Amino acid sequence: MIIGIPKEIMLGEARIAASPETVEKFIKDGQKVLIENGAGINSLYHDEDYVAMGAELVSDPLDLYKRADLILKVKEPLFNEALGMHEVDMMHKGQYLITFIHPASPVNHEMVKKLAAAGVTSLTLDGIPRISRAQNMDALTSMSTCAGYKGILMAANDLSIFMPQMFTAVGMLKPAKVLVIGVGVAGLQALATAKRLGAITYGADIRPAAIEQAKSLGAKAIELGVPAEIAVAEGGYANKLSDEWLMKEREVLADIITDMDIIFCSALIPGKVAPIVLTEEMVKTMKKGSVIVDISIDQGGNCAITTPGEKEIKHGVMIQGIKNIPGLLPTSSTWMFANNVYNLVKYLTKHAYLVIDLEDEIIRSILVTFNGEIVHEGTKEAMGIN
Ligand code: NAI
C-alpha cells in the first residue's frame, strides 16, 4: 500500500500526520510512504529525517494524491488556493482518507458529499469511541491533552500575577486561583498543569466521576447541584442540561467566579453545541485582569462573549477564544497524532491492505463515506438524510 502524507494547507497549521518514527514503522510493516516536501518543517520534523527512515519526498501534491492508496492528514480536505483546486478533487475512486473530518458540522457537508461522489472511503478521527481498546488511536484525546496543558500556559502568560505563592524579602504573594469548568480530558490536564505551576485549583463538572478525578489531582470540587441521574447519560457521558438546570449551574458558579484569576472553559457534550456556563453579566463580576480561556470555541464556546479565534479584553477580563491550541505545541501534538494514526492504520490493515469490517464497532463509528455513499449516522442526521 502507498501512504501519502501531504503538507497541511490550513492557514497556520503546523502539524503533519506522520513523524519520522511512524514512517519507519509503516515501512517495516511493508508499506511505501510518500511525504510532500517540507510537510513537517513547522513541527520541526525535517525532510531528511523522513528520508532517513525510508520515505520518498514528493514536491507536487497532485502527484502525491494521484499515487497514494491512503491519504493521512491532520485537517479535513480544503480548497487549495495555490493550486486553485479542492483537495477532494485531487482524490480518486477507491482511495482511503483518514483525518479529522467533523462530518456532522454543516460547514463540512458539501465536502463530505464530494468525498462520497468521488468514491473515496473516508474515516474520521473525531469518531473514535472512547473505549479502552481504542485508546491508542484516540487523536481527539491526545489533542485535548495538548489543549489542556498549553491553554493553561497561555492563561498564565496573560495573567499579571504569579501563579505560585511567592515568599520574597518584601513579603508573601498569594497564589493564583484557577477554576476549570468541564473536567474531561482537556480539563483534567488543565487542572494538573495549573497545580504544577503552583495555583490553587477548583474543578466544576456535572458528572460525579469527573469531580472525583479532579479531587484526585488536588483540586477543590465545586458542587453544581445537578443530580447524577440528570447529569449522566448512558455510557457515562454527560447529558445536555435543560435551560432550568443550566441556570441553576450558573447561579452556583456566579458565587465563585468573582474570586478566580483564571477560568478554563472545557465543558462539552459530544456532538452538541457547548453549554453557556458564563454569561456576559457573570463576566462583569469577575476580577479585572483575570483571564478566561474558552477552548470549547469550535462548538460555540462556554462563555457567551468569547470571540472565535481572538484574544480580547472585555469588561476588564482577557477572554481567549484561540482555536487550534494543539497546533501551538506542534512537535508534541504531531508526535501524539502520528502515533494515534499509525495505531489506527495498523488496526485496519489485514495482509498489508486496509479492510473495512462493517461489524466492527470502532470502524462503524469512524466511517464517513463508503462505496459512494455517506454512511455516518450523525452526519446523515445532521444532513436530514435517512
Ligand atoms: P470531554 O468530553 O472529555 O470533556 C467535557 C467535559 O465537560 C465532561 O467531563 C462533561 O461532563 C463536562 N460537561 C458537560 N456539560 C457540562 C456543564 N453543563 N457543566 C460543567 N461540565 C460539563 O471533552 P474534551 O476532550 O476534554 O474537550 C473539551 C473541549 O475542548 C471540547 O469542546 C473540545 O472540542 C475542545 N478542544 C479544543 C481545542 C482547541 O484547540 N481549542 C483542542 C482540543 C479540544
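The values are calculated or read from the model by the stated rules, or taken from the named source; none is laboratory data. Just so we're clear, the structure is a prediction, and the values are computed from it rather than from any experiment. Neighbour counts are summed over all protein chains in view; Cβ atoms, including those assigned to glycine, are modelled from backbone coordinates with ideal geometry. Please note that ligands, DNA and RNA were not included when accessible areas were found on the heavy atoms of the full protein model with its side chains. Shrake-Rupley method; radii C 1.70, N 1.55, O 1.52, S 1.80 Å.
Yes/no per residue for (1) more than 10 Å from the ligand (Cβ to nearest atom); (2) open to solvent by 30 Å² or more (accessible area, probe 1.4 Å):
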{"site": "SER160", "(1), (2)": "yes, yes"}
{"site": "PHE167", "(1), (2)": "yes, yes"}
{"site": "MET172", "(1), (2)": "yes, yes"}
{"site": "ALA176", "(1), (2)": "yes, no"}
{"site": "VAL183", "(1), (2)": "no, no"}
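Where helices (runs of 4 or more DSSP H) fall wholly inside the stretch 291-386, the ranges with 3 or more residues that are open to solvent by 50 Å² or more (accessible area, probe 1.4 Å) are 330-348, 377-383. For the stretch 187-194, indicate whether the set of residues that are open to solvent by 40 Å² or more (accessible area, probe 1.4 Å), of a type outside the set (Ser, Thr, Tyr), within 13 Å of the ligand (Cβ to nearest atom) and farther than 24 Å from LYS288 by Cβ is non-empty. Taking every residue of the stretch 187-194 in turn, at least one turns out to be open to solvent by 40 Å² or more (accessible area, probe 1.4 Å), of a type outside the set (Ser, Thr, Tyr), within 13 Å of the ligand (Cβ to nearest atom) and farther than 24 Å from LYS288 by Cβ. Evaluating LYS323 against the criteria (1) under 30 Å from TYR50 (Cβ atoms); (2) more than 12 Å from the ligand (Cβ to nearest atom); (3) of a type in the set (Lys, Arg) leaves one unmet condition, (2).
For the stretch 183-239, what are the residues that are out of contact with any helix residue (DSSP H, G or I) (no Cβ under 8 Å at 6 or more places or on another chain) and among the polar types (S, T, N, Q)? Across the stretch 183-239, the qualifying residue is only SER216. Pairs are defined by a Cβ separation below 6 Å, a sequence spacing of at least 6 or placement on different chains, a first member in the stretch 338-353 that is closer than 16 Å to VAL23 by Cα, and a second member that is open to solvent by less than 10 Å² (accessible area, probe 1.4 Å) and hydrophobic (A, V, I, L, M, F, W, C); the pairs so defined are ALA338/ALA18; ASN340/MET137; ASN340/ALA139; VAL341/ALA17; VAL341/LEU72; ASN343/MET137; LEU344/MET137. Within the stretch 74-83, can one find any residue that is basic (Lys, Arg), under 24 Å from the mean Cα position of the chain (by Cα) and surrounded by fewer than 23 Cβ atoms within 10 Å (Cβ to Cβ)? Scanning the stretch 74-83 turns up at least one residue that is basic (Lys, Arg), under 24 Å from the mean Cα position of the chain (by Cα) and surrounded by fewer than 23 Cβ atoms within 10 Å (Cβ to Cβ). Kindly check whether there is at least one residue in the stretch 38-58 that is out of contact with any His (no Cβ under 9 Å at 6 or more places or on another chain), among the hydroxyl-bearing types (Ser, Thr, Tyr) and open to solvent by 70 Å² or more (accessible area, probe 1.4 Å). Checked against the condition, which is being out of contact with any His (no Cβ under 9 Å at 6 or more places or on another chain), among the hydroxyl-bearing types (Ser, Thr, Tyr) and open to solvent by 70 Å² or more (accessible area, probe 1.4 Å), the stretch 38-58 yields no hits at all.
Kindly indicate whether any position in the stretch 314-327 is charged (D, E, K, R) and without any contact (Cβ under 8 Å) to a residue 12 or more places away in the chain. No: the stretch 314-327 contains no residue that is charged (D, E, K, R) and without any contact (Cβ under 8 Å) to a residue 12 or more places away in the chain.
All conditions but one from (1) within 16 Å of the ligand (Cβ to nearest atom); (2) modelled with pLDDT of 95 or more; (3) farther than 18 Å from ILE374 by Cα apply to ARG130; the one that does not is (2). Do we have any residue at all in the stretch 238-250 that's among the aromatic types (Phe, Trp, Tyr) and within 11 Å of the ligand (Cβ to nearest atom)? Checking the stretch 238-250: at least one residue is among the aromatic types (Phe, Trp, Tyr) and within 11 Å of the ligand (Cβ to nearest atom).
Checking each residue in the stretch 263-290 for being of a type in the set (Gly, Ala, Ser) and either within 12 Å of the ligand (Cβ to nearest atom) or surrounded by 21 or more Cβ atoms within 10 Å (Cβ to Cβ) (or both) picks out SER266, ALA267, GLY271, ALA274, SER290.
If you scan the stretch 218-244, which residues turn out to be under 19 Å from ARG196 (Cα atoms) and surrounded by fewer than 19 Cβ atoms within 10 Å (Cβ to Cβ)?
GLY218, LYS220, ALA221
Determine the pairs where a residue that is among the β-branched types (Val, Ile, Thr) and open to solvent by 10 Å² or more (accessible area, probe 1.4 Å), located within the stretch 136-150, has a partner that is more than 9 Å from the ligand (Cβ to nearest atom) and part of a helix (DSSP H, G or I) with Cβ atoms under 8 Å apart, the partner being 6 or more residues away or on another chain. Every condition considered, the pairs that remain are THR141/GLN135; THR145/MET336. Against the list (1) touching a strand residue (DSSP E or B) at 6+ places or on another chain (Cβ under 6 Å); (2) over 26 Å from ILE325 (Cβ atoms), the condition ILE35 fails is (2). Being among the small types (Gly, Ala, Ser) and either open to solvent by less than 20 Å² (accessible area, probe 1.4 Å) or within 18 Å of PRO270 (Cα to Cα) (or both) is not true of ALA254.
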